[in-house]
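Before any comments, here is the structure.
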Amino acid sequence: PTATTAQNLVATAQPSPRPTNTLTPALHSPNGPPLRQFAMFPGGNGWGLIYNQLLLTHNGGTTWFSVPIPNGQINESSRLFFVTDKNLYLTSPGPDGQPWLYHSTDGGGTWQSAPAPFANGQLLFIHETGYFLETTPTSPNSMKIAIFTSGDGGLSWNRIFPETNSQPGNNIPEDGIKTGFSFITAERGWLGLAGQKQGAALYISTNGGANWQKQEIPLPQNITAM
(Lines give C-alpha, C1' and ligand atoms only; values in the text may rest on other atoms or scores of the structure.)
Protein backbone atom coordinates (compact mmCIF):
# COMPACT_ATOMS: atom_id res chain seq x y z
CA PRO A 1 0.00 0.00 0.00
CA THR A 2 1.04 3.55 -0.54
CA ALA A 3 1.90 5.85 2.34
CA THR A 4 -1.38 7.68 1.91
CA THR A 5 -3.39 4.44 2.19
CA ALA A 6 -1.46 3.37 5.28
CA GLN A 7 -2.20 6.67 6.99
CA ASN A 8 -5.91 6.23 6.29
CA LEU A 9 -5.83 2.92 8.21
CA VAL A 10 -4.73 4.57 11.48
CA ALA A 11 -7.68 4.67 13.91
CA THR A 12 -8.26 7.79 15.93
CA ALA A 13 -8.02 7.10 19.68
CA GLN A 14 -11.23 7.86 21.55
CA PRO A 15 -11.48 8.24 25.30
CA SER A 16 -13.38 5.45 27.07
CA PRO A 17 -16.64 6.60 28.66
CA ARG A 18 -16.45 6.98 32.40
CA PRO A 19 -18.62 4.63 34.45
CA THR A 20 -21.58 6.21 36.14
CA ASN A 21 -23.01 5.37 39.52
CA THR A 22 -26.57 4.12 39.33
CA LEU A 23 -28.49 3.96 42.58
CA THR A 24 -30.49 0.79 43.18
CA PRO A 25 -34.07 1.64 44.16
CA ALA A 26 -35.09 0.62 47.65
CA LEU A 27 -37.00 -2.64 47.87
CA HIS A 28 -40.28 -2.64 49.74
CA SER A 29 -42.38 -5.52 51.01
CA PRO A 30 -46.01 -4.39 50.87
CA ASN A 31 -47.30 -7.57 52.54
CA GLY A 32 -44.96 -7.98 55.47
CA PRO A 33 -43.32 -6.12 58.36
CA PRO A 34 -39.70 -5.00 58.07
CA LEU A 35 -36.83 -7.17 59.30
CA ARG A 36 -35.12 -5.55 62.30
CA GLN A 37 -32.20 -7.98 62.11
CA PHE A 38 -31.27 -10.74 59.68
CA ALA A 39 -28.36 -12.94 58.63
CA MET A 40 -27.92 -15.18 55.59
CA PHE A 41 -25.72 -18.27 55.30
CA PRO A 42 -24.50 -20.52 52.46
CA GLY A 43 -27.09 -22.93 51.14
CA GLY A 44 -29.99 -20.50 51.42
CA ASN A 45 -30.47 -20.67 55.18
CA GLY A 46 -31.17 -17.42 56.95
CA TRP A 47 -32.65 -15.90 60.09
CA GLY A 48 -34.62 -12.74 60.67
CA LEU A 49 -36.29 -10.81 63.46
CA ILE A 50 -39.46 -8.79 63.02
CA TYR A 51 -41.16 -6.87 65.80
CA ASN A 52 -42.82 -9.93 67.34
CA GLN A 53 -41.46 -13.09 65.69
CA LEU A 54 -38.27 -15.03 64.98
CA LEU A 55 -38.20 -16.10 61.33
CA LEU A 56 -36.28 -18.78 59.40
CA THR A 57 -35.77 -19.32 55.67
CA HIS A 58 -34.24 -22.23 53.77
CA ASN A 59 -34.48 -20.75 50.26
CA GLY A 60 -32.57 -17.50 50.41
CA GLY A 61 -35.41 -15.40 51.78
CA THR A 62 -38.13 -16.26 49.26
CA THR A 63 -40.34 -17.75 51.96
CA TRP A 64 -40.14 -17.52 55.76
CA PHE A 65 -41.76 -19.32 58.65
CA SER A 66 -42.03 -18.49 62.34
CA VAL A 67 -39.86 -20.30 64.92
CA PRO A 68 -41.46 -20.58 68.37
CA ILE A 69 -39.44 -19.78 71.49
CA PRO A 70 -40.50 -21.97 74.45
CA ASN A 71 -41.89 -19.74 77.22
CA GLY A 72 -40.27 -16.72 75.57
CA GLN A 73 -41.52 -13.68 73.73
CA ILE A 74 -40.08 -11.63 70.89
CA ASN A 75 -40.17 -7.84 71.14
CA GLU A 76 -38.10 -4.77 70.27
CA SER A 77 -35.37 -5.74 72.77
CA SER A 78 -34.74 -9.19 71.24
CA ARG A 79 -31.33 -9.74 69.65
CA LEU A 80 -29.79 -12.59 67.63
CA PHE A 81 -26.18 -13.78 67.85
CA PHE A 82 -24.77 -16.42 65.50
CA VAL A 83 -22.00 -18.97 65.66
CA THR A 84 -23.34 -20.79 62.58
CA ASP A 85 -26.76 -21.03 60.96
CA LYS A 86 -27.51 -23.97 63.29
CA ASN A 87 -25.79 -22.67 66.42
CA LEU A 88 -27.34 -19.41 67.56
CA TYR A 89 -28.26 -17.41 70.64
CA LEU A 90 -31.20 -15.13 71.32
CA THR A 91 -31.62 -12.60 74.11
CA SER A 92 -35.27 -11.88 74.77
CA PRO A 93 -37.75 -11.46 77.64
CA GLY A 94 -38.51 -14.76 79.36
CA PRO A 95 -41.62 -15.96 81.16
CA ASP A 96 -40.93 -13.55 84.03
CA GLY A 97 -40.48 -10.58 81.72
CA GLN A 98 -36.78 -10.31 82.56
CA PRO A 99 -33.92 -10.89 80.05
CA TRP A 100 -33.31 -14.54 79.19
CA LEU A 101 -30.73 -16.16 76.94
CA TYR A 102 -31.94 -18.86 74.54
CA HIS A 103 -29.53 -21.22 72.78
CA SER A 104 -30.14 -23.65 69.92
CA THR A 105 -27.62 -25.97 68.28
CA ASP A 106 -30.00 -27.59 65.80
CA GLY A 107 -31.31 -24.60 63.86
CA GLY A 108 -34.17 -23.75 66.21
CA GLY A 109 -35.55 -27.27 66.65
CA THR A 110 -34.82 -27.30 70.38
CA TRP A 111 -33.74 -24.57 72.80
CA GLN A 112 -31.92 -24.28 76.10
CA SER A 113 -32.77 -21.25 78.19
CA ALA A 114 -31.61 -19.54 81.34
CA PRO A 115 -32.01 -16.12 82.98
CA ALA A 116 -29.47 -13.63 81.66
CA PRO A 117 -27.85 -10.95 83.85
CA PHE A 118 -27.57 -8.61 80.88
CA ALA A 119 -29.80 -7.05 78.24
CA ASN A 120 -28.55 -4.73 75.48
CA GLY A 121 -25.08 -5.30 74.09
CA GLN A 122 -22.82 -7.60 72.08
CA LEU A 123 -22.39 -11.35 72.47
CA LEU A 124 -19.51 -13.47 71.16
CA PHE A 125 -18.03 -16.90 71.74
CA ILE A 126 -14.50 -18.31 71.53
CA HIS A 127 -15.22 -22.05 71.50
CA GLU A 128 -17.05 -22.67 74.81
CA THR A 129 -16.05 -19.35 76.35
CA GLY A 130 -18.68 -16.65 75.95
CA TYR A 131 -18.43 -12.88 76.41
CA PHE A 132 -21.15 -10.27 76.62
CA LEU A 133 -20.46 -6.53 76.49
CA GLU A 134 -23.41 -4.70 78.05
CA THR A 135 -23.61 -0.99 77.25
CA THR A 136 -25.67 1.59 79.12
CA PRO A 137 -25.71 5.12 77.63
CA THR A 138 -25.33 7.90 80.19
CA SER A 139 -25.24 10.79 77.69
CA PRO A 140 -25.04 11.20 73.90
CA ASN A 141 -21.24 10.79 74.06
CA SER A 142 -20.66 8.41 76.97
CA MET A 143 -21.75 5.03 78.26
CA LYS A 144 -21.06 2.65 81.11
CA ILE A 145 -20.15 -0.94 80.35
CA ALA A 146 -20.20 -4.30 82.06
CA ILE A 147 -18.56 -7.47 80.76
CA PHE A 148 -19.87 -10.94 81.54
CA THR A 149 -18.26 -14.29 80.76
CA SER A 150 -19.45 -17.88 80.53
CA GLY A 151 -17.34 -21.03 80.59
CA ASP A 152 -20.13 -23.54 79.91
CA GLY A 153 -21.40 -22.45 76.53
CA GLY A 154 -23.74 -19.78 77.84
CA LEU A 155 -25.66 -21.69 80.52
CA SER A 156 -24.33 -19.52 83.37
CA TRP A 157 -22.68 -16.10 83.45
CA ASN A 158 -20.47 -14.08 85.82
CA ARG A 159 -19.67 -10.40 85.68
CA ILE A 160 -15.93 -9.92 85.46
CA PHE A 161 -15.76 -6.21 84.66
CA PRO A 162 -16.08 -4.04 86.57
CA GLU A 163 -15.72 -6.11 89.71
CA THR A 164 -18.56 -5.92 92.22
CA ASN A 165 -16.78 -3.53 94.58
CA SER A 166 -15.16 -1.33 91.96
CA GLN A 167 -16.49 1.89 90.51
CA PRO A 168 -18.43 1.66 87.22
CA GLY A 169 -16.03 2.03 84.33
CA ASN A 170 -12.95 0.98 86.33
CA ASN A 171 -9.94 1.55 84.05
CA ILE A 172 -12.10 2.05 80.93
CA PRO A 173 -13.43 5.62 80.98
CA GLU A 174 -17.13 6.28 80.83
CA ASP A 175 -16.44 9.01 78.28
CA GLY A 176 -16.77 7.89 74.67
CA ILE A 177 -18.97 5.49 72.72
CA LYS A 178 -17.99 1.83 73.05
CA THR A 179 -17.96 0.61 69.47
CA GLY A 180 -17.63 -3.11 70.21
CA PHE A 181 -15.15 -5.73 71.26
CA SER A 182 -13.53 -8.90 69.95
CA PHE A 183 -11.41 -11.75 71.30
CA ILE A 184 -8.93 -13.93 69.42
CA THR A 185 -8.36 -16.30 72.34
CA ALA A 186 -10.19 -16.80 75.62
CA GLU A 187 -7.70 -14.41 77.26
CA ARG A 188 -6.75 -11.84 74.64
CA GLY A 189 -9.23 -9.29 73.35
CA TRP A 190 -9.77 -5.65 72.39
CA LEU A 191 -12.42 -3.00 73.03
CA GLY A 192 -12.86 0.10 70.90
CA LEU A 193 -13.93 3.59 71.90
CA ALA A 194 -14.82 6.59 69.77
CA GLY A 195 -15.86 10.15 70.44
CA GLN A 196 -13.43 10.81 73.27
CA LYS A 197 -11.62 14.12 73.48
CA GLN A 198 -8.43 12.44 72.33
CA GLY A 199 -10.25 10.75 69.42
CA ALA A 200 -10.52 7.03 68.87
CA ALA A 201 -8.99 4.65 71.41
CA LEU A 202 -8.29 0.94 71.68
CA TYR A 203 -8.06 -1.04 74.92
CA ILE A 204 -6.56 -4.52 75.28
CA SER A 205 -7.11 -7.30 77.81
CA THR A 206 -4.83 -10.29 78.31
CA ASN A 207 -6.76 -11.94 81.15
CA GLY A 208 -10.15 -12.61 79.65
CA GLY A 209 -11.62 -9.14 80.06
CA ALA A 210 -11.05 -8.66 83.80
CA ASN A 211 -8.52 -5.85 83.28
CA TRP A 212 -7.93 -3.46 80.38
CA GLN A 213 -5.10 -1.18 79.32
CA LYS A 214 -5.04 1.44 76.63
CA GLN A 215 -3.02 0.28 73.65
CA GLU A 216 -1.06 2.99 71.91
CA ILE A 217 -1.40 2.36 68.18
CA PRO A 218 -0.85 5.13 65.62
CA LEU A 219 -4.08 5.87 63.79
CA PRO A 220 -4.12 5.65 59.99
CA GLN A 221 -3.87 8.88 58.07
CA ASN A 222 -7.03 10.95 57.56
CA ILE A 223 -8.68 9.36 60.62
CA THR A 224 -9.97 12.02 63.00
CA ALA A 225 -12.04 12.06 66.14
CA MET A 226 -15.69 11.19 65.68
**OP:** Pull out a ≥ b ≥ c, the square roots of the eigenvalues of the alpha-carbon gyration tensor of segment 72-219, then state rounded if a/c is under 1.5, prolate if not and a/b is larger than b/c, and oblate in the remaining case.
**Re:** prolate
Subject >> Per-residue SASA entry for residue 62, accessible area with 1.4 Å probe, Å² rounded to 10 >> reply: 110 Å²
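Could you calculate the contour length gain from residue 222 to residue 202, that is, 0.36 nm times the residue separation minus the distance between their Cα atoms, to one decimal place in nm?
Working: separation 20, 0.36 × 20 = 7.20 nm, distance 1.74 nm.
Extending this stretch completely gives an extra 5.5 nm.
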Original post:
Which length gain, in nm to one decimal place, applies between residue 83 and residue 144 when the Cα-Cα distance is subtracted from 0.36 nm times their residue separation?
Top reply: 19.3 nm
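The values are calculated or read from the model by the stated rules, or taken from the named source; none is laboratory data. What you see is a predicted model, and the numbers here were worked out from it, not measured in a lab. To get the accessible areas, we keep the full protein, side chains included, count just its heavy atoms, and leave off ligands, DNA and RNA. Shrake-Rupley method; radii C 1.70, N 1.55, O 1.52, S 1.80 Å.
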